[in-house]
């Protein structure tokens with residue numbers, strides 16, 4: 001059943017949201033008897049969680065966040081994520097980049 005849920009979720013995402021989204025691993029929620037499928041988005045900063053789809057036990061789509069809602073979540077996450085920049089510490093500081101060394 002999991003493979004069918006992933007296939008249905010991915011088909012929906014490709015058709016209605018875009019090709020940079022992917023269905024994560026489905027989990028059957030025992031309390032609600034629904035499949036919870038994370039919606040992931042591929043970005044330059046990595047793969048980010050942008051929502052969750054719900055399917056009933058039979059594999060029928062019950063709920064999905066709309067594209068605009070997922071884009072708002074994505075934009076919020078992108079602003080919060082730091083960039084990894086390689087460069088000379090003094091030069092980066094002159095440009096106003098907050099330097100954190102690892």
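No value in this document is a laboratory result; all are computed from the given coordinates. Predicted model, so just to flag it, every value in this text is computed and none were measured. Neighbour counts are summed over all protein chains in view; Cβ atoms, including those assigned to glycine, are modelled from backbone coordinates with ideal geometry.
So the values come out like this:
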| item | result |
| --- | --- |
| Crossing angle, helix 67-80 versus the chain [Cα axis fit, 0-90 degrees, rounded to tens] | 30 |
| For 40, 49, order by how many other beta-carbon atoms lie within 10 Å, fewest first | 49, 40 |
| Nearest 10 degrees, 0 to 90: helix 2-16 Cα axis against the chain principal axis | 60 |
| Residues 37, 79, 17, sorted so that the one with the fewest Cβ neighbours within 10 Å comes first | 79, 17, 37 |
| Taking 76, 21 and counting other C-beta atoms within 10 Å, the order from fewest to most | 76, 21 |
| Segment 34-102 - Rg (one decimal) and Dmax (whole number), Cα, Å | 18.3, 60 |
| Inter-site label distance for residue 4 and residue 89 at 7 Å from Cα along Cβ, in nm | 5.9 |
